[in-house]
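Undergrad: Sharing a structure here in structure tokens format.
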Amino acid sequence: MNCYHLRTNPGLEPVLAAEIAGLTAAGLTTAASVPDAAAAGRSVWADTRTEEVPRGRRGWVAVTSPEPLPAVAFDELRTVYEVLEVAATVPVPAAATTDGDRYLAMIRDLAAEVSLPWPRPAESFAVRCLRVGNHPVNSPDVERTVGGVVAGASGARVNLSAPDVTIRADLDDDLLTIGRLLGSPTRDRRFTWAYRPRITLSTVVAAACLRLSAATDPQHPGAHPHDPALPAGAILDPFCGSGTIAIEAAARRVRDPDVPWAPVYAADIAPEAVAGTRANLAANALARAVVVRRADATALADTWVDRGIGAIVCNPPFGVRLGRRLNFDQFYRELLDGAAAVLPPGGRLVLLSSRRRGRLNHVIADRPQWWLRGVHLIEIGGVFPGIFVLERRDVGAIVRTTPGADIDPETGARAD
Ligand SMILES: C[S@@+](CC[C@H](N)C(=O)[O-])C[C@H]1O[C@@H](n2cnc3c(N)ncnc32)[C@H](O)[C@@H]1O
């Protein structure tokens, strides 16, 4: 059996597993990525098995396959940072856990037994270690120790900044996982950024939020007729910042000619974000795929009614870097009431919330027009936001304001 570990954000394992399940489903081939398999009329994913959080490795999903999977087979996945071809997952004996030198000696012995396609002598390599739990050593110790084994076995030289081959030696409590990365170690960096403030969301989280805005049941009014990863109708991100969610949504739609085109809208209250999103779209040849404008997300009904919006997907201020002085009760009330006026029954509002989750829960509980389908608690670099998935119920009189006018895609100005 060939084993691969795929890294996503902790908490997003079920979303990545669902994405893989979409590839393994009957009828889907990997035509785009693996022409040989497509030509043979089969999917390389057909006989694979998927396991979330393998042996307690949070943030990882394991795929086992009777046939080796080529690196390109993973290129279709949007919610993954890196793919590890696993050579061994072995427990480090407890006897070694108090003495750093013994512990490293044990790791050296375990690494030396591993059978892995080591780098060729002409290639450069780096060893990386992700450590979860308490150990008598730190990550650079492990990287140097395993690096010594790899250099000795392969004759390859170390290059930490731009290695040809990246080896992982990860420790999850008493478990050592050793493997080699397949393809790019930064599969999430799929776009070019002209404007990238610190608040920019990762494309992996953006792709996950988009998936969660889509109904998986094909009979559901919010289900896309062809693509289970996207909602039906137009997509709106009213807090676009640098535009990650809109860029990810537009790239999917543009990439797949079978997916009928529906508009993607992006808006922000800050003029620099509006200009930055436009610059980012242009840098990725997506300028015509998204309408960007300046608008206040706490008054969605003023701008977005009757535009065929099927889902609202966004990452509003958390109140940490942005929005420290916001009244979050009022903010979430206005956002939810505006979204209820814009979305049809079955339409979803997917939003990230961090410290003010309690306020958001409180506002949702007061509003019968929203059904809280679920909250996915995830980790993003030491912060633990929740992805709230809300669905518009078919109840309650929603006050609709005047329908918005058409927007010029180039200038963002109203046409009336
Ligand atoms: C966390 S950032 C969004 C980051 C974005 N997802 C990205 O990838 O770059 C929140 C954004 O909301 C915007 N914002 C704050 N209050 C707003 C409001 N009332 N209406 C619209 N945008 C607002 C801020 O200007 C900021 O760009």
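The values are calculated or read from the model by the stated rules, or taken from the named source; none is laboratory data. In this text the structure is predicted, and so the values were computed from the model without any measurement. Every residue, glycine among them, receives a Cβ derived from its backbone with ideal geometry; neighbour counts consider all protein chains shown.
Undergrad: Residue pairs, Cβ under 7 Å, 6 or more apart or interchain, first in the range 289-303 and in contact (Cβ under 8 Å) with a residue 60 or more places away in the chain, second within 11 Å of the ligand (Cβ to nearest atom) and among the charged types (D, E, K, R). List them.
TA: Partner pairs satisfying both residue conditions: 294/268.
Undergrad: Within the range 213-252, how many residues are more than 14 Å from the ligand (Cβ to nearest atom) and β-branched (Val, Ile, Thr)?
TA: 1
Undergrad: If I filter the range 228-247 for residues that are more than 22 Å from residue 304 (Cα to Cα), at pLDDT below 95 and in the same structural domain as residue 379 (by TED's automatic domain parsing), do I get at least one hit?
TA: Going residue by residue through the range 228-247, those that are more than 22 Å from residue 304 (Cα to Cα) are 228-229.
Still in the list and also at pLDDT below 95: 228-229.
Still in the list and also in the same structural domain as residue 379 (by TED's automatic domain parsing): 228-229.
Yes.
Undergrad: Now for a separate question. So, in the range 3-14, exactly how many residues are of a type outside the set (S, T, N, Q), buried (at least 24 other Cβ atoms within 10 Å of the Cβ) and not in a strand (DSSP E or B)?
TA: 2
Undergrad: Scan the range 326-361 residue by residue and report those that are within 11 Å of the ligand (Cβ to nearest atom) and among the charged types (D, E, K, R).
TA: Result: 334, single match.
Undergrad: What residue, among those in the range 48-98 that are more than 23 Å from the chain's Cα centre (by Cα) and assigned to a helix (DSSP H, G or I), is surrounded by the most Cβ atoms within 10 Å (Cβ to Cβ)? Lay out the reasoning, then the answer.
TA: Looking only at the range 48-98, we keep the residues that are more than 23 Å from the chain's Cα centre (by Cα), and these are 65-68, 87-98.
When the remaining residues are screened for being assigned to a helix (DSSP H, G or I), the result is 94-96.
Numbers: 94: 8, 95: 10, 96: 20.
Applying the filter and picking the extreme gives 96.
Undergrad: What's the number of the condition residue 272 fails, among (1) outside any loop (DSSP other than H, G, I, E, B); (2) more than 19 Å from residue 201 (Cβ to Cβ); (3) not aliphatic (A, V, I, L, M)?
TA: Result: residue 272 fails condition (2) only.
Undergrad: If you take the residues in the range 278-300 that are within 14 Å of the ligand (Cβ to nearest atom) and among the basic types (Lys, Arg), which one is surrounded by the fewest Cβ atoms within 10 Å (Cβ to Cβ)?
TA: Only one residue tops the list, namely 294.
Undergrad: For the range 124-184, please list each of the strands (runs of 3 or more DSSP E) lying entirely inside it that holds at least 3 residues being in contact with a Cys (Cβ under 9 Å, 6 or more places away or on another chain).
TA: 165-172
Undergrad: Collect the residues in the range 43-82 that are among the polar types (S, T, N, Q) and either in contact with a His (Cβ under 8 Å, 6 or more places away or on another chain) or in contact (Cβ under 8 Å) with a residue 60 or more places away in the chain (or both), keeping them in residue-number order. Step through it out loud before you land on a result.
TA: Restricting attention to the range 43-82, the residues satisfying the condition of being among the polar types (S, T, N, Q) are 43, 48, 50, 64-65, 79.
Answer for the range 43-82, where residues must be among the polar types (S, T, N, Q) and either in contact with a His (Cβ under 8 Å, 6 or more places away or on another chain) or in contact (Cβ under 8 Å) with a residue 60 or more places away in the chain (or both): 64, 65, 79.
So that you can scan it fast, the table gives a plain yes or no per residue for (1) modelled with pLDDT of 90 or more; (2) over 30 Å from residue 22 (Cβ atoms); (3) assigned by TED's automatic domain parsing to the domain that holds residue 21:
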residue	(1), (2), (3)
76	no, no, yes
89	yes, no, yes
98	no, yes, yes
101	yes, yes, yes
114	no, yes, yes
158	yes, yes, yes
163	yes, yes, yes
171	yes, yes, yes
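Undergrad: Can you name the residue in the range 194-243 that is over 16 Å from the mean Cα position of the chain (by Cα) and at positive phi and, of all such residues, is surrounded by the most Cβ atoms within 10 Å (Cβ to Cβ)?
TA: 241
Undergrad: Can you tell me which residue within the range 83-123, out of those that are charged (D, E, K, R) and in contact (Cβ under 8 Å) with a residue 40 or more places away in the chain, is nearest to residue 150 (Cα to Cα)? Lay out the reasoning, then the answer.
TA: Just the residues of the range 83-123 that are charged (D, E, K, R), to begin with: 85, 99, 101-102, 108-109, 113, 120, 123.
Add one more test, that the residue is in contact (Cβ under 8 Å) with a residue 40 or more places away in the chain, and what stays is 85, 108, 123.
Values: 85: 16, 108: 10, 123: 12 Å.
Filtering first and then ranking leaves 108.
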